[in-house]
Amino acid sequence: MTKFLWKIGGEAGFGIMTSGVTFAKIATRSGYHIFDYAEYPSLVRGGHNTYEVLFSEEEVFATQKKIDLLICLNQTTYDFHKSRLDSNSLVVYDNGMFEINDNIVKVHLPFKSILQELNGQQVMMNTIVLGATMALLEGDINLLYSMIEEQFQRKGKEVVDYNKQFAQKGYEYIKNNHPDKIKSILIKKDEKEKLVMTGNESFSLGTVTADCRLYAAYPMTPASSILTVLAQWQNQTGMIVRHAEDEIAVINTALGSSQSGARSAVGTSGGGFALMTETISFSGTAELPLVIFLGQRPGPATGMPTWTEQGDLLFACYSGHGEFPKIVLAPGDIDEMLKLTVKAFDLADIYQVPVIILADKLLCESHKSLDKEQAMSFMTNYQPNRGKTVCSPTDKPYLRYKLSDDGISERLIPGVQGSFYQSNSYEHIEDGHTTEQSKPRFEQVNKRGKKINTYLTKDFDLPAVYGDVENANIVFVSWGSNKGAILEAQKILYAQGTKSAFIHFTHVYPIDSNKVNGLFSKDKRYILIENNSQAQFGQLLRMQTGVEIKEKFLKYDGRPVWVEEIVDYIKKH
Amino acid sequence: MDDFNAYAPTWCPGCGDWAIGVALKQALTGLGYSPSSVNMVFDIGCSGNMNDFINAYAVHGLHGRSIPVAIGMKLANHKMPVLVVGGDGGIYGEGGNHFIHACRGNHDITVIVHDNEVYGLTTGQAAPTSSKGMKTKSTPTGLIESSLNPLAIAITQGATYVANTFTGDIKGVVEIIKQGISHKGFSLINILQPCISFNKFNTYQYFNEHSYKLDEKHNKADFNSALIKAMEMSTEKYPLGVLYQVEKPAYHEQLTQLVAGALIENKRYENFGGLIKEFF
């Protein structure tokens, strides 16, 4: 089956986002895979919000340009999206509000008068158009009814029934007035259960899976929903979720908690991350484990808060003053997010270093479907690996920063009788006391540095390769959330006769030069794809491995890399 | 008390830090603690250098950031006492925001501030507690700002134990530290101490002349009386003793997550099926 893109738009503050998630869940409950994407300004009211959901019988990783069904709650939505419609596109609108003169499939729905008739509030327009959607796509209206029940059951049967009426009106209006426009595209199938999660939700689930005991944050788009999700769960999970006074307090609180032996994490975006960097350096030299979630948005400074970019890669990799080891992981989708979050906690404990999970607004806030059974089995089978963390010291006297071949020393959880030690932000000798002497300085710098090699040998994962590099005409190289658009572009290119491969990096820093060099040969056409203007991963790859990718596709307007843009680029070059 | 002794201090001879170091060890010993049963966080400065002179489970952190580290340590293991040792620069200047908010939270930590009204380790610049008009290396024509009043801030922002003391009275310092550690909730112990190398103004003689001990008539449970006493500090009159002490639930006592035990002792949560329901 072909993919189908459903999109709704309207004034901000009137339930567009909720309708989007509702439709995404209806699609997965109907047996389909989804990927969704929302655009909204940094405002609570006013402005224009949109939400699009792509669904398909096959797994989907990115949205598409062509809109198959557009729901316009106002004229702005139509005007903004004209260029993405063709003569087969269904457009649901109220001709009492505006009229359309283009060659599309017009689906007039009088939601203003239905609203008046039922004495409803503006937000209930969403329910009317969702009902209409179920009729137009021949979906099961009961799925929408049960979503309404779940949403309003706490308010009682009367409220549930009242809201259902709006759905029913929308549904019946289409059945009675537009039977010729109905497409059998959302017919309910029996499929395995799927979860619908954003990157932030997947990270949240990952922290619980990894037995993270304390999460601290200061709200900042696009990372804020981690704080709210984990806060809602805290009575169940037992995690302490703390909204501190600023990002500096946030990261120092988490580090204090880590010192006491609890797995701890923080989350923020670029501006908040900038405030945290001194403490990242502290974490590095004091060798205190910490997981830091960085959800990128376009900078510099306040930038474009609700949009997406990959502009903080080099900043993340080189964050913190002085030289110390750290690990940066960049998941490409919610499945990788869950797995790499859990791995981040293990790596932080094993190497006693800060580990950064690098995401962006696209990954943070877009929903994707994920096989429920697969996710459950991953979570239940996971056992935390805390490395050399101990509850009683092996040797006495205990030396916190004891020199070792792999660079890692035993980390004693404080409180054991007969021992004591300090975690020191000053340079220190093996037992933790401050030093300014030459020999121990050399020894401790070398010891910390050794952890990089140990990591590269034991835990660095090579990039995933999609397609066959040997037989490909084109090899895309990218990292993080661009994965989705590139995978979808590969399918289109293949159908058009172009064989491509895709090297997808998740373990972005540090990179093992020896292992990675083998993936690059001189006689291939490599194209670097990034959502920033300075080809930051290209720079990083060259710095770390000597591999230089000359051909670049870069985008930095706050929007993600679109599938069609990649395809067009290949056509034109 | 010898158990707490680590390296020989490198403070200047005659510095008030010596007295605070001794008093702190005496207080801890007096309360029955050992280096293995205490969590300490040291700020950066001459005061924070105590990290190498006293034995404990400790963190020597970043300048100004000792309070949030202490909060994290307390939340993860509230069964151990957590002490912060810092100076007026780190706690009231660089870390002023943390100080205010820690008071609000009534976090059960004891914050011991070496208040010498100058920056010592960086050789003599103005501190938040320096008097208006004071000439220092960074204010050669005299400090324009008026001095910060840490006692009034602490009392008004929610601290539940606020004391002021002076290194000229070691017995008093020991007693106040003991009470501060035993108090459940946020304890501020501001300790006036001369910096003999870089503050020629706030000397032993100066503090002796400008301070007085609070008598039994002072009602430390009364917010208004405490605040009136605290405000005297802004007029260079230093009341010594416990200005304010009330019983209120500490931050960690209000977390249901910690009812069963310390955070690090709790069982791992594994009911993932329950959590993922909302994603279906």
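The values are calculated or read from the model by the stated rules, or taken from the named source; none is laboratory data. All figures in this text were calculated on a predicted structure; none of them were measured in a lab. Here the Cβ positions follow ideal geometry from the backbone for every residue, glycine too, while neighbour counts run over all protein chains shown.
Listed by first and then second residue, the pairs linking a residue in the stretch A:27-49 that is in contact (Cβ under 8 Å) with a residue 24 or more places away in the chain to a residue that is exposed (fewer than 14 other Cβ atoms within 10 Å of the Cβ) and charged (D, E, K, R), with Cβ atoms under 6 Å apart and 6 or more places separating them unless they lie on different chains, are A:GLY31/A:LYS189. When only residues in the stretch A:228-242 that are under 14 Å from A:ALA265 (Cβ atoms) and outside any helix (DSSP H, G or I) count, which is farthest from the other protein chains (Cβ to nearest Cβ)? The extreme case among them is A:VAL241. The residue list A:THR253, A:THR277, A:THR285 contains one member that is assigned to a helix (DSSP H, G or I), more than 20 Å from A:VAL342 (Cβ to Cβ) and either facing chain B (nearest Cβ under 7 Å) or modelled with pLDDT under 95 (or both), which is A:THR253. In a residue-by-residue description of the stretch B:134-151, the property of being on the phi < 0 side of the Ramachandran plot, within 14 Å of chain A (Cβ to nearest Cβ) and of a type in the set (Val, Ile, Thr) applies to no position. Restricted to the stretch B:61-76, and to residues that are facing chain A (nearest Cβ under 7 Å) and of a type in the set (A, V, I, L, M), which residue is surrounded by the most Cβ atoms within 10 Å (Cβ to Cβ)? Only one residue tops the list, namely B:VAL69. Does any residue in the stretch A:474-491 that is among the charged types (D, E, K, R) and surrounded by fewer than 24 Cβ atoms within 10 Å (Cβ to Cβ) come within less than 8 Å, Cβ to Cβ, of a residue that is at pLDDT 95 or above and not in a strand (DSSP E or B) six or more places away or on a different chain, and which pairs are these? From the stretch A:474-491, the pairs are A:GLU488/A:VAL60; A:GLU488/A:PHE61; A:GLU488/A:ALA62; A:GLU488/A:GLN64; A:GLU488/A:VAL563. Residues of the stretch A:62-87 that are under 23 Å from A:THR2 (Cα atoms) and assigned to a helix (DSSP H, G or I): A:HIS81, A:LYS82, A:SER83, A:ARG84.
All of A:ASN453, A:ASN471, A:ASN424 fail the test of being more than 14 Å from chain B (Cβ to nearest Cβ) and either over 29 Å from the mean Cα position of the chain (by Cα) or surrounded by 19 or more Cβ atoms within 10 Å (Cβ to Cβ) (or both), apart from A:ASN471. If you filter the stretch B:237-261 down to residues that are buried (at least 19 other Cβ atoms within 10 Å of the Cβ) and hydrophobic (A, V, I, L, M, F, W, C), you find that the one that is farthest from the other protein chains (Cβ to nearest Cβ) is B:LEU240. Among residues belonging to the stretch A:350-385 that are farther than 21 Å from A:LYS483 by Cα, of a type outside the set (Phe, Trp, Tyr) and more than 13 Å from chain B (Cβ to nearest Cβ), point out the one that is nearest to the chain's Cα centre (by Cα). Looking at the filtered set, the residue picked out is A:VAL355. Taking the numbered list (1) within 20 Å of the chain's Cα centre (by Cα); (2) farther than 19 Å from A:GLY170 by Cα in turn, A:LYS65 passes all entries but (1). The listed residues are A:LEU195, A:LEU137, and the only one of them that is within 14 Å of chain B (Cβ to nearest Cβ) and touching a Leu at 6+ places or on another chain (Cβ under 8 Å) turns out to be A:LEU195.
Starting from residues that are assigned to a helix (DSSP H, G or I) and hydrophobic (A, V, I, L, M, F, W, C), keep the ones in the stretch A:428-466 and report whichever is farthest from A:GLU336 (Cα to Cα). Working first, answer last.
Of all residues in the stretch A:428-466, those assigned to a helix (DSSP H, G or I) come to A:438-458.
Right, trim to hydrophobic (A, V, I, L, M, F, W, C) and you get A:442, A:445, A:452, A:456.
On the way: A:PHE442: 38, A:VAL445: 33, A:ILE452: 23, A:LEU456: 19 Å.
Only one residue tops the list, namely A:PHE442.
Might you let me know whether the stretch A:385-397 holds any residue that is of a type outside the set (D, E, K, R) and without any contact (Cβ under 8 Å) to a residue 24 or more places away in the chain? There is at least one residue in the stretch A:385-397 that is of a type outside the set (D, E, K, R) and without any contact (Cβ under 8 Å) to a residue 24 or more places away in the chain.
Screening the stretch A:160-186 for residues that are among the charged types (D, E, K, R) and under 14 Å from A:PHE111 (Cβ atoms) and picking the one that is surrounded by the most Cβ atoms within 10 Å (Cβ to Cβ) gives A:LYS169. Scanning the stretch A:134-152 for residues that are out of contact with any helix residue (DSSP H, G or I) (no Cβ under 6 Å at 6 or more places or on another chain) and not hydrophobic (A, V, I, L, M, F, W, C) yields A:GLU138, A:GLY139, A:ASP140, A:ASN142, A:SER146, A:GLU150, A:GLN151. Within the stretch A:192-223, if we keep just the residues that are in a helix (DSSP H, G or I) and closer than 23 Å to A:PHE23 by Cα, the residue that is farthest from the chain's Cα centre (by Cα) turns out to be A:LEU205. Screening A:VAL516, A:VAL465, A:VAL416, A:VAL445 for residues that are of a type in the set (A, V, I, L, M), in contact (Cβ under 8 Å) with a residue 60 or more places away in the chain and under 29 Å from A:VAL355 (Cα atoms) leaves exactly one candidate, A:VAL445.
Screening the candidates A:GLU410, A:GLU373 for the property of being outside the structural domain of A:SER260 (by TED's automatic domain parsing) and either under 30 Å from A:PHE505 (Cα atoms) or touching a residue at least 12 places away in the same chain (Cβ under 8 Å) (or both) yields one hit, A:GLU410.
Please specify each residue of the stretch A:383-400 satisfying the condition of being in contact with an Asp or Glu (Cβ under 9 Å, 6 or more places away or on another chain) and either among the aliphatic types (A, V, I, L, M) or under 25 Å from A:ALA254 (Cβ atoms) (or both).
The answer is A:PRO384, A:ASN385, A:ARG386, A:GLY387, A:LYS388, A:THR389, A:VAL390, A:PRO393, A:TYR398, A:LEU399, A:ARG400.
Within the stretch A:143-159, can one find any residue that is surrounded by fewer than 24 Cβ atoms within 10 Å (Cβ to Cβ), assigned by TED's automatic domain parsing to the domain that holds A:VAL91 and closer than 22 Å to A:GLU59 by Cα? Among the residues of the stretch A:143-159, at least one is surrounded by fewer than 24 Cβ atoms within 10 Å (Cβ to Cβ), assigned by TED's automatic domain parsing to the domain that holds A:VAL91 and closer than 22 Å to A:GLU59 by Cα, which makes the answer yes. Scanning the stretch B:77-91 for residues that are more than 7 Å from chain A (Cβ to nearest Cβ) and more than 11 Å from B:LEU263 (Cα to Cα) yields B:PRO81, B:VAL82, B:LEU83, B:VAL84, B:VAL85, B:GLY86, B:GLY87, B:ASP88, B:GLY89, B:GLY90, B:ILE91. Screening A:ALA262 with (1) facing another protein chain (nearest Cβ under 7 Å); (2) surrounded by 24 or more Cβ atoms within 10 Å (Cβ to Cβ); (3) part of a helix (DSSP H, G or I) gives one miss only, at (3).
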